[in-house]
1. Got at least one residue in segment 353-371 being assigned to a loop (DSSP other than H, G, I, E, B) and not aromatic (Phe, Trp, Tyr)?
2. Answer yes or no as to whether Val83 is open to solvent by less than 80 Å² (accessible area, probe 1.4 Å), among the hydrophobic types (A, V, I, L, M, F, W, C) and modelled with pLDDT of 80 or more.
3. Out of everything in segment 177-223 that is charged (D, E, K, R) and either in a loop (DSSP other than H, G, I, E, B) or touching an Asp or Glu at 6+ places or on another chain (Cβ under 6 Å) (or both), what residue ends up being nearest to Ser262 (Cα to Cα)?
4. Could you list all residues from segment 92-101 that are closer than 24 Å to Ser429 by Cβ and either among the hydroxyl-bearing types (Ser, Thr, Tyr) or out of contact with any Pro (no Cβ under 7 Å at 6 or more places or on another chain) (or both)?
5. Given (1) in contact with a Cys (Cβ under 9 Å, 6 or more places away or on another chain); (2) among the charged types (D, E, K, R); (3) farther than 21 Å from Lys137 by Cα, where does Glu295 come up short, assuming only one miss?
6. Enumerate the pairs (first residue in segment 238-260 and free of Cβ contacts under 8 Å to residues at least 40 places away in the same chain; second residue anywhere and in a loop (DSSP other than H, G, I, E, B) and open to solvent by 10 Å² or more (accessible area, probe 1.4 Å)) with beta-carbon separation below 6 Å, excluding pairs fewer than 6 apart on the same chain, so at least 6 apart or on different chains.
7. Might you let me know whether segment 157-167 holds any residue that is in the same structural domain as Leu263 (by the TED database) and surrounded by fewer than 19 Cβ atoms within 10 Å (Cβ to Cβ)?
Amino acid sequence: MAPANVRTAQAPSADRRLRTLVRHLLPSSPRRAAAAAADTSATLESFPTMASQGSSVFAALAQAPEDPILGVTVAYNKDPSPVKVNLGVGAYRTEEGKPLVLNVVRRAEQMLINNPSRVKEYLPITGLAEFNKLSAKLIFGADSPAIQENRVTTVQCLSGTGSLRVGGEFLARHYHERTIYIPQPTWGNHPKVFTLSGLTVRSYRYYDPATRGLDFKGLLEDLSSAPSGSIVLLHACAHNPTGVDPTIDQWEQIRQLMRSKSLLPFFDSAYQGFASGSLDKDAQSVRMFVADGGELLMAQSYAKNMGLYGERVGALSIVCGSADVAVRVESQLKLVVRPMYSNPPLHGASIVATILRDSEMFNEWTLELKAMADRIISMRQQLFDALKSRGTPGDWSHIIKQIGMFTFTGLNSEQVAFMRQEYHIYMTSDGRISMAGLSMRTVPDLADAIHAVVTQLK
């Protein structure tokens, strides 16, 4: 307690703080200064960017719709039903319906935490160099001639979405053709990402609703009609949302056609190893294009195959015609990244690099990765068997023919709405379901719902 004869410092009163604020914010004039000093109840003048009660300069904004994919989870979370099932968002779930952190990821994180030499400094604009080098080897192969000839430049990006956006902006600035052809259908974010990147988006036929398979004839016709030099988006494997991939022979025909017309491939690889369980098999399509010596862009994501959804870990690689061109391309990629997000985050990329550099941890990862892929394949078989045992009208063999996280069920938006309302089963309005969200417990519920909806709503 302070002695009686010592005056303790007092915090500025509210009135004094207000007078100081008025002096700083209002234009100075002797009259106004005197008024502010004398009257602590002086109020600030109303300026256009100062919201008065009940008003805002943004008051005229319309309410934006929910994202068609992420909005499914928003609706699911609001549903109080104890039997609800979310098959909308593409995130792996265990048999118990819980998110999974891979054991090898936890080990890698613990190693990073226990390393006292680690700091939190900014990464370079291009990201973690070791991560970039290892990512290129993972998708192109360690023996890739493009890597050996230093024709690949790789920059760390914010998962697959960020990789696509950086690549799109780079092409809009520096490539002579500003039209990109994307498959119809494709991931809902693709057209938005490329449009905002400055590219014109066109589509090519991909999925045949009648067969629930690949419209290969339509695909070749549309790419044949595309202007020479156009950019073409290709899903490396496990096409989203259909789960329909070309065969190796079909990929070869696509490659020959694209190279003959100087079409520029832009691959999106979100599921390497997650589709078939084999990292090499799921990269075959990409490596075919690299082997011919041509140029291409590659967007990679580690969200699915390492379960690093929230870490936002990805990479953009550009295979160039020569090493000196690759150097110049990297210099221009830096100019795209710097004003966009300056540089990427450290933690997730460090996890990936830790796993990829260590042979024992890499092998552990491949085992966990195959276990995830095998469980999804098992869910496909169980759902097909359940529909078959119920005598559900229609041919459901596409469920086991498709590959990867998603199945395009063939259900229409009315049927999807019915299943949500009557069975509390959530999926995107185009009938896409995430097989990773199913379990042995929920497969019968889904089969019952599908059987009911195709029987009652034709």
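1. Yes.
2. Considered against the rule, which asks whether it is open to solvent by less than 80 Å² (accessible area, probe 1.4 Å), among the hydrophobic types (A, V, I, L, M, F, W, C) and modelled with pLDDT of 80 or more, Val83 comes out as no.
3. The extreme case among them is Glu177.
4. Tyr92, Gly97 - these are the residues of segment 92-101 that are closer than 24 Å to Ser429 by Cβ and either among the hydroxyl-bearing types (Ser, Thr, Tyr) or out of contact with any Pro (no Cβ under 7 Å at 6 or more places or on another chain) (or both).
5. Condition (3) is where Glu295 drops out.
6. Arg259/Gly294
7. So far as segment 157-167 goes, no, none of its residues is in the same structural domain as Leu263 (by the TED database) and surrounded by fewer than 19 Cβ atoms within 10 Å (Cβ to Cβ).
So that you can scan it fast, the table gives a plain yes or no per residue for (1) at pLDDT 95 or above; (2) open to solvent by less than 60 Å² (accessible area, probe 1.4 Å); (3) at positive phi:
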site	(1), (2), (3)
Pro339	yes, no, no
Asn343	yes, yes, no
Glu360	yes, no, no
Glu364	yes, yes, no
Leu367	yes, no, no
Leu383	yes, yes, no
Ala386	yes, yes, no
Met405	no, yes, no
Gly410	no, yes, yes
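The values are calculated or read from the model by the stated rules, or taken from the named source; none is laboratory data. Predicted model, so just to flag it, every value in this text is computed and none were measured. All Cβ positions, glycine included, derive from the backbone under ideal geometry; neighbour counts span all protein chains shown. Surface accessibility is based on the protein's heavy atoms, side chains included, excluding ligands, DNA and RNA. Shrake-Rupley method; radii C 1.70, N 1.55, O 1.52, S 1.80 Å.
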